[in-house]
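The structure appears below as structure tokens.
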Amino acid sequence: MSTRTLACNGLVLGLFAALPVLAQSHAGHGHDHAAMDHSAMDQAAPTHADPAAPHEPVPALTDADRAAAFPVIDHGAMQHASTVNSLLRLERLEQFDGRHGRGQAWEASGWIGGDIHRLWLRSSGERAAGRTQSATVELAYGRAVSPWWDALVGVRQDLHPGDPRTWAAIGLQGLAPYKFETSAMVYAGSGGQLLAEAEIEYEVLLTNRLILQPVIEATLAARDEPEHGLGRGLGKVEAGLRLRYEFTRRFAPYIGLSHERLFGDTADYHVAAGGAARDTRWVAGVRLWF
Amino acid sequence: MKHRLPHGTGTPALPSRRHFVQGLAAGGVVAGLAGVATPLRARAVDHHGLAAAPRVLAHERLELAIGESAVNFTGRTRPAITVNGSLPAPILRWREGQTVDILVRNTLAHHPSSIHWHGILLPANMDGVPGMSFNGIAPGQAYRYRFTLRQSGTYWYHSHSMFQEQAGLYGALIIDPATPPPYAFDREHVVLLSDWTDLDPGALFRRMKKLAEHDNYYKRTLPDFLRDVRSEGWSAALADRGMWGRMRMTPTDISDVNAHTYTYLINGTAPAGNWTGLFRSGEKVLLRFINGSAMTYFDVRIPGLKLTVVAADGQYIHPVSIDEFRIAPAETFDVLVEPSGQDAYTIFCQDMGRTGFAAGTLAVRHGLQAPRPAQDPRPLLTMADMGHDMGGHGTGGHEGHGAHAAHAGHTAAGVHHPASEHRNPLVDMQSSATDPRLHDPGIGLRGNGRGVLTYGAMHSLFDDPDGREPGREIELHLTGHMEKFAWSFDGIPFAGAEPLRLNYGERMRIVLVNDTMMQHPIHLHGVWSDVEDAQGRFQLRKHTVDMPPGTRRSYRVRADAPGRWAFHCHLMYHMEAGMMREVRIEE
């Protein structure tokens, strides 16, 4: 900064030669002419011969001054709020009712940490007929790599009954331009399987409390794994539209519609196992955060 | 950029009855529950003509006890941190030239405390900042402050420990001049504005870290967008939303905390309590306005009265006659009024975002009330406010060409941002501000038909007391991340920042550039901040310099006070979130 500052400073100082002219025009534009003219006059008639010496001399310091200026201070005398903060959001805690059954679903995310480094937790799952049909828990270390994006690396555990699976996770999440809440993750599992999952959320404010939230989520697989019900390529797209009312920021019940569609081999495996390739559900639930 | 302000968001900002708590008529420290049995307010008029304000302590030797008291401003009894059982703390009244001796006892059970004398010139070890001036005052302990008053005017004092200022530890500090002031008055009142929350202040900080936009219930909606499409056309409305969308910001982010969380107080009284200052018709009344709030800018007016501002931050200025002024947290303004012809006048203090207000009355007797005006429309930030001025000066900036000439070194080469801002995850925007915009009334005050105080209209009554040209310049950018609620100078939060080093005796210049969309009152302890005009000349002596978004302002500092001094944004939560530095003045 120093050389640049000095250069600027020099320029500014140089401009003082032209000041009376500027002062005149400045006073002419001002609102308060009396005050302006006064100050302009003061400046135009310098009272000091030596500009390097202050009008009031700077006093010489005594030892007592020095002692008072730099007392011995204990380390940690200044208290600070914790730099570790946290947020837990139950984005969706809902009852669903579709052509192929009814049940409950959840999606939660949370973080604990500082402004740059955070530990992220994500979980989602479904229950139907009193049994957990699918559940996923993901734990990741996230680092802010730009004002709007966090890079994540971690592990994900699928707790599907009869088909538990552990994945290594890496990805990005953040706020894309135009305020699209975005997450793009890649998961590496046993057998060389790779899954890519992307999710985009948006918020349409009908009022500041009545908020429509479209969300779209897609899953792709790198390999065909009939034993896990996964076909190669685009396997699943889920689109949702939820209308919530924020009684408070922390408590917002909602209703909505969710549509899930399976594609390719993934759809075939699912149908063969007695499922359906598409399902539309009414949902009703609540969004909470702590 | 189109000047949108008169339209606001299109909807009148009706006070939201549901959320804006006007408070209790008889709120304050709850009698019998207070730790120290001191009445909250002495209702009687004392010999200074102060009425219905906290009690006045005028001795050179004083004892103050910091403690916890129960208060009730909203219908819920909550703990507050008080001085001698009073919220606000007692008014301290001293005289220039006196050497005062104050023993401050901390009677809090668990928390260390402190008192900082805001704007007072004193030795560093009397400044009251734990970790810089002293070790703080441990529970059950006391600290003896002793210093000689080398100035006069309206000041205030407050805790500098964690969030205690938000919890109630603030009070007025008046220093009578050794020689008579350059104006006459018959009566005076302290008008101390503050923001009260029933929340634990620490919990409020944590809430902002979780969801900084919590209180912004004023975002533009789909119906707002459709209305803009009808009035401005698709392309203009889309371009506007696109600009804000690309920045991931919202033009209604005026303040982080507003009346959804706060109840605004005058001298510790909520609007429903109608604090009243008395006058006799024809008297000249001096009102000592102090903004002791943690996070709130107030826009103050008294419908029916001209306000003559005679001092800013305790220092005399050439009198300026106006209808309204904006007061940043920590600023003080001394205002003369001459009420006559009406029995009551409303002191109306809207918050900058128009979400609520503090209000009281000037009246010839207690029990009167004048009509309270409706709140102004809610303002929207413009691209000019964001420092993205694309040549369209619609902002009331009257600096003229001189401004650009004076800063030619900057404009010619563009705006320089410190390297530490580059690719910094805690810096969510940068501005290209080149102008101090001293004549801009500010967001929500432009073109409102009233005469509004600006920095440009205020000139110290005296010439530059030092007289030297600054020997060097330090430029600092105010930076932050709205969503993370992270704040800093140059992108470096306090915890990771090196002190700024000044040489004892030097005259230097501090240049501030606001790279955020928020307004920040910047306070440098220990020495004056002599604000320069657009041509770089001494204009106005301050202790707290307001920095609206989209501005670049400079001030001169005479480094004549050795020691370690705090330098920070006086929005208390911004300071705690990192917008703070140590300034070290050494030989």
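The values are calculated or read from the model by the stated rules, or taken from the named source; none is laboratory data. These numbers were taken from a predicted model, which means no experiment stands behind them. No Cβ is skipped: glycine too gets one built from the backbone with ideal geometry, and neighbour counts run over all protein chains shown.
Mind counting the residues in the range B:192-227 that are outside any strand (DSSP E or B), of a type in the set (D, E, K, R) and over 22 Å from A:Gln213 (Cα atoms)?
Residues meeting the conditions: 5.
Any idea how many residues of the range A:141-153 are surrounded by 20 or more Cβ atoms within 10 Å (Cβ to Cβ) and in contact with an Asp or Glu (Cβ under 8 Å, 6 or more places away or on another chain)?
Counting residues in the range A:141-153 that are surrounded by 20 or more Cβ atoms within 10 Å (Cβ to Cβ) and in contact with an Asp or Glu (Cβ under 8 Å, 6 or more places away or on another chain) gives 3.
What pairs come out if I take residues in the range A:63-88 that are facing chain B (nearest Cβ under 8 Å) and closer than 19 Å to A:Gly114 by Cα and pair them with residues that are of a type in the set (A, V, I, L, M) and surrounded by fewer than 12 Cβ atoms within 10 Å (Cβ to Cβ) whose C-beta lies under 8 Å away, six or more apart or interchain?
Qualifying pairs under 8 Å: A:His80/B:Ala495; A:Thr83/B:Ala495.
Pick from B:Thr82, B:Thr179: which is part of a loop (DSSP other than H, G, I, E, B) and either of a type outside the set (S, T, N, Q) or more than 19 Å from the chain's Cα centre (by Cα) (or both)?
B:Thr179
Got a number for residues in the range B:210-248 being within 13 Å of another protein chain (Cβ to nearest Cβ) and out of contact with any Ser or Thr (no Cβ under 7 Å at 6 or more places or on another chain)?
Count: 20.
For (1) touching a strand residue (DSSP E or B) at 6+ places or on another chain (Cβ under 6 Å); (2) touching a residue at least 24 places away in the same chain (Cβ under 8 Å), each residue gets a yes or a no:
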{"site": "A:Gln95", "(1), (2)": "yes, yes"}
{"site": "A:Gly98", "(1), (2)": "yes, yes"}
{"site": "A:Ile112", "(1), (2)": "yes, yes"}
{"site": "A:Gly130", "(1), (2)": "no, no"}
{"site": "A:Gln133", "(1), (2)": "yes, yes"}
{"site": "A:Val137", "(1), (2)": "yes, no"}
{"site": "A:Gly142", "(1), (2)": "yes, yes"}
{"site": "A:Ser146", "(1), (2)": "no, yes"}
{"site": "A:Leu152", "(1), (2)": "yes, yes"}
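Could you please let me know if A:Arg287 is outside any helix (DSSP H, G or I), farther than 22 Å from B:Leu211 by Cβ and not aliphatic (A, V, I, L, M)?
Spelling it out, it is not the case that A:Arg287 is outside any helix (DSSP H, G or I), farther than 22 Å from B:Leu211 by Cβ and not aliphatic (A, V, I, L, M).
For the subset of the range A:168-202 comprising residues that are more than 14 Å from every other protein chain (Cβ to nearest Cβ) and outside any strand (DSSP E or B), which member is nearest to B:Arg220 (Cα to Cα)?
This residue is A:Gln193.
For A:Arg156, are the conditions met, namely being within 14 Å of another protein chain (Cβ to nearest Cβ), part of a strand (DSSP E or B), without any contact (Cβ under 8 Å) to a residue 60 or more places away in the chain and not hydroxyl-bearing (Ser, Thr, Tyr)?
No; evaluated as a whole, the condition is false for this residue.
Cβ-Cβ below 7 Å, separation at least six or inter-chain, first residue in the range B:111-128 and within 22 Å of B:Thr332 (Cβ to Cβ), second acidic (Asp, Glu) and buried (at least 23 other Cβ atoms within 10 Å of the Cβ): which pairs?
Close Cβ pairs satisfying both conditions: B:His116/B:Asp127; B:Gly119/B:Asp313.
Need a quick list: strands (runs of 3 or more DSSP E) entirely within the range B:454-532 having at least 2 residues that are touching a residue at least 60 places away in the same chain (Cβ under 8 Å) and under 29 Å from B:Asp299 (Cα atoms).
B:473-481, B:486-489, B:507-514, B:520-524, B:529-532
Which of the numbered conditions does B:His111 fail, given that it passes all the others? Conditions: (1) more than 12 Å from chain A (Cβ to nearest Cβ); (2) not in a strand (DSSP E or B).
(1)
Scan (1) within 10 Å of chain A (Cβ to nearest Cβ); (2) touching a Pro at 6+ places or on another chain (Cβ under 6 Å) for the single condition B:Met517 breaks and write down its number.
(1)
Of the residues that sit in the range B:132-166 and are within 20 Å of B:Glu331 (Cα to Cα) and assigned to a strand (DSSP E or B), which one is nearest to the other protein chains (Cβ to nearest Cβ)?
Selected residue: B:His158.
Which strands (runs of 3 or more DSSP E) does the range B:277-360 wholly contain that include 1 or more residues that are more than 24 Å from B:Gln519 (Cα to Cα) and out of contact with any helix residue (DSSP H, G or I) (no Cβ under 8 Å at 6 or more places or on another chain)?
B:285-291, B:307-312, B:315-322, B:332-337, B:344-351
Just checking, which of B:Asp560, B:Asp546 is surrounded by fewer than 24 Cβ atoms within 10 Å (Cβ to Cβ), over 19 Å from B:Pro499 (Cα atoms) and either at the interface with chain A (Cβ under 9 Å from one of its Cβ atoms) or touching a Lys or Arg at 6+ places or on another chain (Cβ under 9 Å) (or both)?
B:Asp546
Of everything in the range B:440-465, what is at the interface with chain A (Cβ under 9 Å from one of its Cβ atoms) and surrounded by 21 or more Cβ atoms within 10 Å (Cβ to Cβ)? Give them in sequence order.
Result: B:Thr454, B:Gly456, B:Ala457, B:Met458, B:His459, B:Ser460, B:Asp464.
If you scan the range B:426-441, which residues turn out to be touching a residue at least 60 places away in the same chain (Cβ under 8 Å) and not β-branched (Val, Ile, Thr)?
The answer is B:Leu426, B:Asp428, B:Met429, B:Gln430, B:Ser431, B:Ala433, B:Asp435, B:Pro436, B:Arg437, B:Leu438, B:Asp440, B:Pro441.
Any idea which of B:Thr82, B:Thr99 is away from chain A (no Cβ under 13 Å) and touching a residue at least 60 places away in the same chain (Cβ under 8 Å)?
Selected residue: B:Thr82, the only one of B:Thr82, B:Thr99 that is away from chain A (no Cβ under 13 Å) and touching a residue at least 60 places away in the same chain (Cβ under 8 Å).
How many residues does the range B:449-507 contain that are closer than 27 Å to B:Val309 by Cβ and aromatic (Phe, Trp, Tyr)?
The total comes to 2.
Between a first residue in the range A:115-127 that is surrounded by fewer than 18 Cβ atoms within 10 Å (Cβ to Cβ) and a second residue that is not in a strand (DSSP E or B), which pairs have beta carbons less than 8 Å apart while being 6 or more apart in sequence or on different chains?
A:Ile116/B:Pro425; A:Ile116/B:Leu426
Yes or no, residue by residue, for (1) of a type in the set (Asp, Glu); (2) surrounded by fewer than 23 Cβ atoms within 10 Å (Cβ to Cβ); (3) at pLDDT 95 or above:
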position: B:Leu169; (1), (2), (3): no, no, yes
position: B:Thr179; (1), (2), (3): no, yes, yes
position: B:Val190; (1), (2), (3): no, no, yes
position: B:Arg206; (1), (2), (3): no, yes, yes
position: B:Arg230; (1), (2), (3): no, yes, yes
position: B:Ala239; (1), (2), (3): no, yes, no
position: B:Met249; (1), (2), (3): no, yes, no
position: B:Thr263; (1), (2), (3): no, no, yes
position: B:Phe279; (1), (2), (3): no, no, yes
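For residues that are of a type in the set (S, T, N, Q) and more than 11 Å from every other protein chain (Cβ to nearest Cβ), scanning just the range B:412-439, find the one that is surrounded by the most Cβ atoms within 10 Å (Cβ to Cβ).
Out of the qualifying residues, it is B:Ser431.
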